Amino acid sequence: MRPVILPVLFAIASSLRSSADEPQPFDRLTFHAEPRALSAKAATSDWPRVLGPDHDAFSPETHLLKEWPKSGPTKVWEVVRGEGYTSPAISGDRLVIFHALDGKETVECLQRETGKRFWSFDYAINYQDRYGFAAGPRASPVIADGVVVVLGVTSTVHALDLQTGKALWSHDLRADYNVPQDFFGAGSSPLILEGRVIVNVGGKAEKFDIADSNSDRKRKLATKGVSVAAFDLKTGEVKWKIEDEWGASYASPIPAKLHGKTKVLIYTGGEGDPAIGGLMCIDPTTGELHDRFPWRDEEYIQATGSSPVVIPEKNRAFISTVYPKGHPHGGVMVEYDEKFKAKEVWKSTKFAMHWMNPVYLDGHLYGIDGERENNSRLVCVNADTGKEVWTENLFWEDETLAKRFGPGSAKMGILRASLLRVDGAFLCLGELGSLLWLDLSPQGCKIKQQTQLFIAQHTWSLPAVSHGLLYVAQQSKDIDEKPTRIICYDLRGGS
């Protein structure tokens, strides 16, 4: 399959709205205040991908602000954004956001500290979410070697020059590989590794046909298609393909050091009845499929968004599926032998993530177990045995809600939150917009600092930290009808 080289496609289907050496203010930007100066002792880093520089929800940043006023950390800037469930990617002073605005998937490159815009690139999409959620991208942008890669909700992948926003190449994966829409469109963020863009494509060898009725649900399962593919980062040339029945999940490919060698782990599994899928171990250079470890319940409704957690010193990885019907699988820890074949170490139906990624630290895993808001809980498990060490349900009375709706109706909690390990503690972003500093250890959970950034549903994307600044995506209107936004907060602490 030959890549579509632009500017031919660029001229027909896309537009580059603005490009400048210096970033420019624009109508959706509100600038609040300049951030503090960084501490001379602060360690800083980029945030090139949804799970951070090492793909594990860790940040090496230090000297961050650990105490806030009651109103929370200071806002630096905010930009009104369109629909979607994505995190920003950051390289140098450039921050890239990906969202759907006015019927177009839009990539915008902003200045990290001011929110001013370097360039914007967009293309028309035709997508309607089957379950009524946002009609925008689910896969976050990725940056490497001066190239931005985005995978849209309709399975179109674009590579753009980070400096100019000019399109380098694109592939319509739905057309090329017969990719079905699945539950929520495409949503697995690409991985850039060794000059290759690795994508959980989820293609089918024949058209995916669904016929539903209340009394009889019939689904035609396709045969093998292109499950995973790798494209050259600079040219878009197809480097290798893996044909398999396992489709595309909403989890993202993760690099893994196993027995001293770099491999790629992908938790696959798209729409199908019965549901099929599991963990693939792949050589990133050759595309050799070393192993397929099946891990899906037979229940049809499954959209897994939690990526593998790698424990390289033990050649292990953790994955989970959260859906409780049928015979729930939950979470499983596997270990790879020297031939990169996986075997089960332990499994647990009490430690299963929906979309958040558990964080591994000092022999323990910390994560949010549970599919829905009303059954979610913060859990610590022993990573060697899978034994639950403790569990917490973090709830409190919110003053804003109490004033508006009266006492007794002001209960707030982290619910299906995200966790980010940084500067010796955990930042926790609750799905209604609460932000907490947590001290998590095998001894328990302590709230060190807490604020409510906004009150809005669907705060589902992991925040990003770079150069002492925190970037949070508000992904639905808040309680005051403020629109969806990307907000930059000042977390710089110490002089």
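The values are calculated or read from the model by the stated rules, or taken from the named source; none is laboratory data. All of these numbers come straight from a predicted model, not from anything done at the bench. So basically every Cβ, Gly included, is an ideal-geometry build from the backbone, and we count neighbours across all protein chains shown.
Could you tell me which of the residues 427, 462 is within 22 Å of residue 380 (Cβ to Cβ), assigned to a loop (DSSP other than H, G, I, E, B) and within 21 Å of the chain's Cα centre (by Cα)?
Values: 427 fails: assigned to a loop (DSSP other than H, G, I, E, B).
Only one candidate qualifies: 462.
Identify all residues within the stretch 183-220 that are modelled with pLDDT of 95 or more, surrounded by fewer than 19 Cβ atoms within 10 Å (Cβ to Cβ) and either in a strand (DSSP E or B) or not small (Gly, Ala, Ser) (or both); write none if there are none.
Selection gives 194 alone.
Can you give me the number of residues within the stretch 132-147 that are touching a Gly at 6+ places or on another chain (Cβ under 8 Å) and surrounded by 19 or more Cβ atoms within 10 Å (Cβ to Cβ)? Break it down stepwise before answering.
If we filter the stretch 132-147 for residues that are touching a Gly at 6+ places or on another chain (Cβ under 8 Å), which is where we start, we get 134, 136-139, 145.
With surrounded by 19 or more Cβ atoms within 10 Å (Cβ to Cβ) added as a condition, the list becomes 134, 136-139.
The number of residues fulfilling the criteria is 5.
Here is a list: 330, 370, 305. Which entry is buried (at least 18 other Cβ atoms within 10 Å of the Cβ), of a type in the set (Gly, Ala, Ser), under 26 Å from residue 461 (Cβ atoms) and touching a residue at least 60 places away in the same chain (Cβ under 8 Å)? Spell out how you get there, then give the answer.
Numbers: 330 fails: touching a residue at least 60 places away in the same chain (Cβ under 8 Å); 370 fails: touching a residue at least 60 places away in the same chain (Cβ under 8 Å).
The match here is 305.
For the stretch 1-40, name all the residues that are farther than 20 Å from residue 92 by Cβ, of a type in the set (Lys, Arg) and either in contact with a Gly (Cβ under 6 Å, 6 or more places away or on another chain) or modelled with pLDDT of 95 or more (or both).
28
Check every one of the strands (runs of 3 or more DSSP E) wholly within the stretch 126-182 and list those with 1 or more residues that are over 20 Å from residue 203 (Cα atoms) and in contact with a Pro (Cβ under 8 Å, 6 or more places away or on another chain). Please lay out each step first, then the result.
Values: elements: 142-144, 147-151, 156-161, 167-172.
Here the list reads 142-144, 147-151, 167-172.
Filter the stretch 95-131 down to residues that are of a type in the set (Val, Ile, Thr) and surrounded by fewer than 20 Cβ atoms within 10 Å (Cβ to Cβ) and give me whichever is farthest from residue 151 (Cα to Cα). I'd like the intermediate steps shown before the answer.
Taking the stretch 95-131 and keeping what is of a type in the set (Val, Ile, Thr), we get 96-97, 106-107, 114, 125.
Then keep just the ones that are surrounded by fewer than 20 Cβ atoms within 10 Å (Cβ to Cβ); that gives 114, 125.
Numbers: 114: 26, 125: 12 Å.
Only one residue fits best here, namely 114.
Is it the case that some residue within the stretch 287-305 is in contact with a Leu (Cβ under 8 Å, 6 or more places away or on another chain), of a type in the set (Ser, Thr, Tyr) and under 16 Å from residue 188 (Cβ atoms)?
Looking for residues that are in contact with a Leu (Cβ under 8 Å, 6 or more places away or on another chain), of a type in the set (Ser, Thr, Tyr) and under 16 Å from residue 188 (Cβ atoms), one finds none in the stretch 287-305, hence no.
Here's the yes/no breakdown for (1) at pLDDT below 95; (2) closer than 30 Å to residue 280 by Cβ; (3) surrounded by 14 or more Cβ atoms within 10 Å (Cβ to Cβ):
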site	(1), (2), (3)
355	yes, yes, yes
361	no, yes, yes
381	no, yes, yes
409	yes, no, no
417	no, yes, yes
420	no, yes, yes
425	no, no, yes
443	no, no, no
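In the stretch 338-348, is there at least one residue being crowded, with 19+ Cβ neighbours inside 10 Å and under 27 Å from residue 445 (Cα atoms)?
At the first step, the residues of the stretch 338-348 found to be crowded, with 19+ Cβ neighbours inside 10 Å are 340, 342, 348.
Then keep just the ones that are under 27 Å from residue 445 (Cα atoms); that gives 348.
Yes.
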